[in-house]
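Just below is one structure, and these are the notes that go with it.
Read-outs throughout are calculated quantities, based only on the coordinates presented, and are distinct from any laboratory measurement. Keep in mind that what you see is a predicted model, and the values were worked out from it rather than measured. So basically every Cβ, Gly included, is an ideal-geometry build from the backbone, and we count neighbours across all protein chains shown.
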Amino acid sequence: MKLYSGGIAPNPRRVSIFLAEKGIEIETRQFDIAKLEQKGEELTKVNSRQRLPVLELDDGTVITETVAICRYFEETHPEPLLMGIDMLDRVMVEMWQRRVELEFFLPVAFAFRHLHPVAADLEPVQVRQWGELNQDWAKKAMSGLDKELSTRQYIAGDRFTIVDITAFCAYQFLKPARIDYPTDLPSLQRWHGEMVQRSSTKK
Ligand SMILES: N[C@@H](CCC(=O)N[C@@H](CS)C(=O)NCC(=O)O)C(=O)O
């Protein structure tokens, strides 16, 4: 089994943190996205989409979506469960996971891809207005998360889950996306302070 990863880029990082939380170590090949290494022959052979992360199983199966890769490890290494502990909890984790991805993680990614000079080669054209619109959506999402986090410790409930990993990786990418760290969202800031204390996020 081999993981093709991309260092601190948000999607590869989600998988790295997920694996660290479960205490799983596997062979990993790192690619430097800033140097466009993901577009080279080595990764293209495994994933013609040229995106990271990718998990290649020993039987040759290739899994290319971050959440699908996490699902694979949730099923093969259930302890600790990070995608819900029972039916209703799994439903809530999926609901929050989708919301956080669509309303926070993707806007941060699009803001970076359309506003940061380093990302110029990742898009056919950088559209400044689209980047700025996404910055606004990310800020709105953070306000919403702040309200939610004033009622409970973690985003999807009282337990740490994959949703916290997704939101953390977006939050950590605010600077490249040219979005100021919030100073007026105490519950979100409290949550982020707790996330950086986890050993899985220090890697
Ligand atoms: N939907 C994919 C997206 C993967 C993705 O876009 N990864 C980024 C890094 S965060 C990437 O590989 N970018 C390289 C590029 O755009 O060329 C997933 O969830 O895994």
Roughly speaking, what is the stretch gain from residue 50 to residue 130, that is 0.36 nm per residue apart minus the C-alpha to C-alpha distance, in nm to one decimal?
26.5 nm
So how strong a dipole does segment 2-76 carry about its Cα centre when Lys and Arg Cβ are +1 and Asp and Glu Cβ are -1, to the nearest 20 debye?
360
About the Cα centre of the chain, what is the dipole size in debye to 20, counting +1 per Lys and Arg Cβ and -1 per Asp and Glu Cβ, all else neutral?
520
Shape parameters for the chain, alpha-carbon atoms, Rg then Dmax in Å:
16.8, 50
Note on the chain: contact order normalised by length, alpha-carbon pairs under 8 Å, 6 or more apart, percent, works out to 21
In whole Hz and in residue order, list the ³J(HN,Hα) couplings for segment 128-135 that follow from phi through the Karplus curve 6.51 cos²θ - 1.76 cosθ + 1.60, θ = phi - 60°; x for Gly and Pro.
3, 4, 5, x, 5, 4, 5, 4
Surrounding charge for residue 89, neighbours by C-beta under 11 angstrom, Lys/Arg +1, Asp/Glu -1, total -1
Too-long pairs where the Cα-Cα distance tops 18 Å, listed order kept, from 139/203; 22/203; 140/175; 22/147; 139/175:
139/203; 22/147
Can you tell me which of 61-69, 99-107, 159-167 comes out highest on packing, and rank the rest after it, using the mean Cβ neighbours within 10 Å?
159-167, 99-107, 61-69
Dipole of the chain, positive end: most advanced residue of 141, 100, 68 [Cβ charges, Cα centre]
141
Can you compute the helix-only [θ] at 222 nm over the chain? Use -39500 (n - 2.57) per DSSP H run of at least 4 residues, normalise by all residues, nearest 500 deg cm²/dmol.
-15000 deg cm²/dmol
May I ask you to list the lysines whose Cα is less than 19 Å away from that of residue 45, ignoring any residue fewer than eight positions away on the same chain?
2, 35
Would you mind putting 187-193, 12-18, 148-154 in packing order, based on average other-beta-carbon counts within 10 Å, highest first?
12-18, 187-193, 148-154
